[in-house]
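Derivation of every value follows stated rules applied to the coordinates shown; laboratory data play no part. Keep in mind that what you see is a predicted model, and the values were worked out from it rather than measured.
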Amino acid sequence: MVRSVRPDGADGQQSLGDLVATATRDISQLVHFEIALAKSELKMDARRIGIAGALAVVGLFVACLVLVLLCFAFAYGLIAAGIWAWAAFLIVAGTCVVVIGIAALIAYSGIRKVSGMKMTRKTVTEDIDMLRQVVPSQNGSSHNGSKVSSDASPKVGAGADAKPEIPAR
């Protein structure tokens, strides 16, 4: 996270307005950087999907050419070698199915590399967790100016293990 400049007041502490302005600026930058990361990951995923799609189209085109060319040349070659005509054409069809299967495997392996924006999800989760935590400053006050003691609970009636957090939307 990018840290902003801290203007100090007369007594060495920031005013509430300065703290709010700094927090607003930091959150704005954080959101901007998260959006930029999401765009970058989407571009990489779109590129991978495009390449996999192009390979699938090329594979299908080649499969069609192979089907047409081998159905005649290979089948008549097998017939000339002494294999029955129906068996020769079945062997050619099996060969075409194998080529189509190889092209499909190449396309499938390209699509499996799509990341699904893992980095964006991870950093957004970390940022939300960070925002939910209340970190006391050196003088014993929290970011909102109230005193925080080590044994104080965040809510009246809350258990000893309760942690102060930003309410989820």
Would you mind checking which residues have amide H under 5 Å from GLN14's amide H? H placed 1.01 Å from N; only 5 or more apart, or other chain.
-> GLY9
Spread of Cα-to-Cα distances over 5 Å intervals beginning at zero, given as percent, for the stretch 44-116 | 3, 18, 21, 15, 12, 10, 8, 6, 4, 2, 1
Radius, Kirkwood style, for the stretch 4-89 when every pair of distinct Cα atoms is counted (Å) | 19.3 Å
Once phi is turned into θ = phi - 60°, what whole-Hz ³J(HN,Hα) does the Karplus curve with 6.51, -1.76 and 1.60 give for every residue of the stretch 96-104, x standing for Gly and Pro?
-> 5, 5, 5, 5, 5, x, 5, 4, 5
